[in-house]
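The values are calculated or read from the model by the stated rules, or taken from the named source; none is laboratory data. If you're wondering where the values come from, they're calculated on a predicted model, not measured in any experiment. Neighbour counts are summed over all protein chains in view; Cβ atoms, including those assigned to glycine, are modelled from backbone coordinates with ideal geometry.
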């Protein structure tokens with residue numbers, strides 16, 4: 001039973017590592033751009049946009065960056081619970 005949890009923990013660390021390589025670096029750049037230029041200019045560009053469009057753009061970015069991480073970790077938990085070994 002202990003080996004099962006160790007395997008799941010190593011897989012979770014691997015998922016975090018891959019996510020960091022694929023999405024984490026871009027997310028750091030996005031956060032840096034928000035800090036330098038502000039949320040509205042980063043999400044809408046120099047032309048600007050309406051407030052609902054800005055928040056939909058921000059929601060889209062969050063789903064694109066964080067969605068794969070949550071999906072992979074959810075799959076790992078479900079697989080770990082159903083695994084017989």
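Residue pairs, Cβ under 7 Å, 6 or more apart or interchain, first in the stretch 60-85 and farther than 16 Å from residue 12 by Cα, second modelled with pLDDT under 85 and surrounded by 11 or more Cβ atoms within 10 Å (Cβ to Cβ). List them.
Note: pairs meeting the criteria are 65/23; 65/27; 85/4.
Of the numbered conditions (1) modelled with pLDDT under 85; (2) more than 19 Å from the chain's Cα centre (by Cα); (3) surrounded by fewer than 14 Cβ atoms within 10 Å (Cβ to Cβ); (4) part of a helix (DSSP H, G or I), residue 47 fails exactly one; give the number of that condition.
It is condition (4) that residue 47 fails.
A quick yes/no check of all residues on (1) under 30 Å from residue 3 (Cβ atoms); (2) at pLDDT below 85; (3) in contact with a helix residue (DSSP H, G or I) (Cβ under 7 Å, 6 or more places away or on another chain):
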position: 18; (1), (2), (3): yes, no, no
position: 30; (1), (2), (3): no, no, yes
position: 34; (1), (2), (3): no, no, yes
position: 56; (1), (2), (3): no, no, no
position: 60; (1), (2), (3): no, no, no
position: 80; (1), (2), (3): yes, yes, yes
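Out of everything in the stretch 31-42 that is surrounded by 14 or more Cβ atoms within 10 Å (Cβ to Cβ) and within 19 Å of the chain's Cα centre (by Cα), what residue ends up being farthest from residue 59 (Cα to Cα)?
33
Give the residues of the stretch 71-83 that are loosely packed, with under 15 Cβ neighbours inside 10 Å and closer than 22 Å to residue 28 by Cα, sorted by residue number.
71
From the list 68, 52, exactly one residue is part of a helix (DSSP H, G or I) and loosely packed, with under 12 Cβ neighbours inside 10 Å. Which is it?
Going through 68, 52 in turn, just one is part of a helix (DSSP H, G or I) and loosely packed, with under 12 Cβ neighbours inside 10 Å: 52.
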